[in-house]
Amino acid sequence: MNSTNSVREILHQTALTAPSSSGVYLWKNPQGTVIYVSKAKNLKNRLSSYFSKGKDIKTRILISRAQSIEYITTANEYEAFLLENNLIKKYTPRYNIDLKDGKSYPVLRVTNEKFPRVFKTRQMVQDGSLYFGPYPDVTALEAFIDTLYKLYPLRHCKQFRERDYPCLYYHIGRCKAPCCKKIDKDSYNAYIGEISELLEGKGKETEEKLERKMKEAAKALNFEKAARLRDGIKALAIMQSQNIVEDFSAEDRDYIAFWREGELASFTVLKIREGKVQGRDNYRVTSLNEDEELLPEFINAYYGDDADFPPAIYVPTQNGLDFMERWLKENFKGQTKIVLVAEGMENYKRHKAALDMASQNAHEDIIRRLRERGDIPALQELKEELRLKNLPVRIEGFDIAHIGGKFPVASLISFYNGNPDKKNYRYFRLKTTNGIIDDFASMREAATRRYTRLLNEGAELPDLILIDGGIGQVNAVEGVLKALDLDIPVAGLAKRDEEIYRPGDPNPISLPKRSDALRLLQRVRDETHRFATSRNQRLRTKENVVSAFSQLPGIGSKREKILTQKFVTIQNLAAATEEQVVQALGVKADKAAEILQAARRLSQERNKKKEEQMQSLKEAGTTKEIAAHNEWISKLALQAGRPKGES
């Protein structure tokens, strides 16, 4: 037994011998540092669960980094909850939520100088400067500051020093050059006073005050000042509209939602004060806690001694929050309620919409985090679970979309480092299965055309091919790859039970629902489906724009709609009788005969075109429109006389 297995066995034995009472357990690394703290209603059951089969990657990470487990028993679960909170604050473990590095909102600073400067900052220096904010929408704040510099000729230089000649900002009218004594202190600070008035008040009171000053300036014929105040009021209104969302309830409250991918979790808190969303806190955390314990862990970290406690905190789940309300009441003044957003509650739709907004923000942040780092844990787990030779850095996914065999399309999407690589997306308008429902043949055609082309061009091949389907589709693609003498791993993800199929093996692989590897495969599968469906819909729309019925003599828009509803396709119309056309359109027999003759001619032309396409595909071999069925492909034909760049 090697050392790694020996440590794991010791950890497992510690779990098996733990008491069945409630308590807190601490994981420590080889250096004795606490890396994770959590509570349990039953210590033995919880610790033993870490060593059961099929655990996700984040649990395996924890076990691989640990050297020992310690636990402290408590009289009840609430005491365990309190102890957990204290220990997390004491040790700040790596795999627990720590919000100390959370990014604060920027503020607007007016420096305490003879000729003050105005700028955005996240640090507040106690030097007599004025600060306004904070402002959740950074883009809106930057736009507002830019507007201020257009309206007011303030200095731009970071360090003020007297000089003989003014800078470029003076010559373009963007600065009064106090450095060259082109403006005195009182006149300059009059601008600062106006800016402060724009920012210091709240709501309609400030707006009305500024409007009065604007009118007074206009009455005194000081049109320049009146124009500045007018434009300043507009800029301030724009910034406020981008930062504040109106709500018809004046109740102060917070909405908390999170999104999780493996050990990564992102939280969003919407802060509503006086009926308006005045803040949106986003926090990126790493935690190995269970889903039902993430929210209590976050609330413990988020609401500190100086927190702004609202009367109510709305959450998406009640799991793990049994003690939170009691903890808030015992440790902080006030009567904050934790409210589960659920159907049947008062104003459910309003609360659900706000919570959805928070959840969407958290989800988008997780997507950004995965894109920034690459989904390496999922790739590593995928390599292990599918027994791949290499890390599946490049994954290509296929899906088929059609409507009753019509407009068959194969989508090809590419993921690189676990994230979409949209510049390498492709689609194939399938020829061999047009009008035929045969997903196996469709997969063969798409795979043949794709990988024949990559071979011809000497291009990079994927590390894994994912098929949206079961063992039949997987075997179909595997046959194509063998015929092309390519060794590329293939897997299929079946929608029904989210099981993974490998070539030649009817027994699927089942991964835990929270598996990072399964989540990545689902992302690839869902993206292939979206891409294929969207292309199929565009083709159907294009076909419908120029209807075959509109090409018939004497058929306008009204008669076209009648024929579409009655016969659906041009082939059905061609098979109809004169009497059926007369009854449908209310035309004379000779006109019906003319329409039928044109319909039969058009139907024959379409059938002939389809037959020619099928024949050309069968004869194409390795040309650009190569057929899909792998039995049509011989290694000799592929190796001999194949022009480079064709597929």
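The values are calculated or read from the model by the stated rules, or taken from the named source; none is laboratory data. Since the structure is predicted, the reported quantities are computational estimates derived from the model, not experimental observations. When we count neighbours, we look across all protein chains shown, and the Cβ atoms used for this are built from the backbone with ideal geometry, even at glycine. To get the accessible areas, we keep the full protein, side chains included, count just its heavy atoms, and leave off ligands, DNA and RNA. Shrake-Rupley method; radii C 1.70, N 1.55, O 1.52, S 1.80 Å.
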(request) Give me the net charge of Tyr169's neighbourhood, meaning all other residues with Cβ under 10 Å from the Cβ of Tyr169; Lys, Arg count +1, Asp, Glu -1. (result) +3
(message) For a quick check of understanding: with a 1.4 angstrom probe and all protein chains in place, what accessible area in square angstrom does Cys157 have, to the nearest ten?
(response) 60 Å²
(request) Enter the accessible area of Trp259 (Å², nearest 10), with the probe set to 1.4 Å and all protein chains included. (result) 80 Å²
(message) Solvent-accessible area of Asp485, probe 1.4 Å, all protein chains present, reported in Å² to the nearest ten, please.
(response) 110 Å²
(message) Amide H of Asp399 versus every other amide H placed in the peptide plane: which residues, excluding those fewer than 5 positions away on the same chain, fall under 5 Å?
(response) Ser411
(request) List, in order, the whole-Hz ³J(HN,Hα) value for each residue of the range 352-364 obtained from phi through the Karplus relation with A = 6.51, B = -1.76, C = 1.60 and θ = phi - 60°; use x for Gly and Pro. (result) 5, 5, 5, 5, 4, 4, 5, 5, 5, 4, 5, 4, 5
(request) Would you grab the residues whose amide H sits under 5 Å from the one on Tyr314? Only those 5+ places off in sequence or on another chain, please, with H modelled 1.01 Å from N. (result) Asp254, Tyr255, Ile256, Val339
(request) For Glu297, Glu292, give the ranking by accessible area with the largest first, probe 1.4 Å. (result) Glu292, Glu297
(request) Report the local net charge at Ala18: Lys and Arg +1, Asp and Glu -1, summed over other residues whose C-beta lies under 9 Å from its C-beta. (result) +2
(request) From zero up to wherever the largest Cα-Cα distance of the range 439-597 sits, split into 10 Å bins and tell me the percent of pairs in each. (result) 9, 27, 19, 14, 17, 12, 2
(request) Pull up all non-local amide H partners of Arg117: gap of 5 or more, or a different chain, and H-to-H distance under 5 Å with H placed in the peptide plane. (result) Thr111
(message) Between Asp421 and Arg60, what's the calculated FRET efficiency when r is the beta-carbon distance and R0 is 35 Å? Round to 0.05.
(response) 0.80
(message) Highest mean first, how do 32-39, 501-508 rank when packing is the count of other Cβ atoms within 10 Å averaged over residues?
(response) 32-39, 501-508
(request) Could you check the simple spin-label distance between Val125 and Asp252, using points 7 Å along Cα→Cβ, in nm with one decimal? (result) 3.2 nm
(message) With the crude spin-label approximation of a point 7 Å out along Cα→Cβ, what separation in nm comes out for Thr286 versus Arg600?
(response) 7.6 nm
(request) Quick one: net charge around His156, please, counting Lys, Arg +1 and Asp, Glu -1 for every other residue with C-beta under 9 Å from its C-beta. (result) +4
(message) Residue by residue through the range 514-525, what is 3J(HN,Hα) from phi via Karplus (6.51 cos²θ - 1.76 cosθ + 1.60, θ = phi - 60°)? Round to whole Hz and write x for glycine and proline.
(response) 9, 5, 4, 5, 5, 4, 5, 4, 5, 4, 5, 4
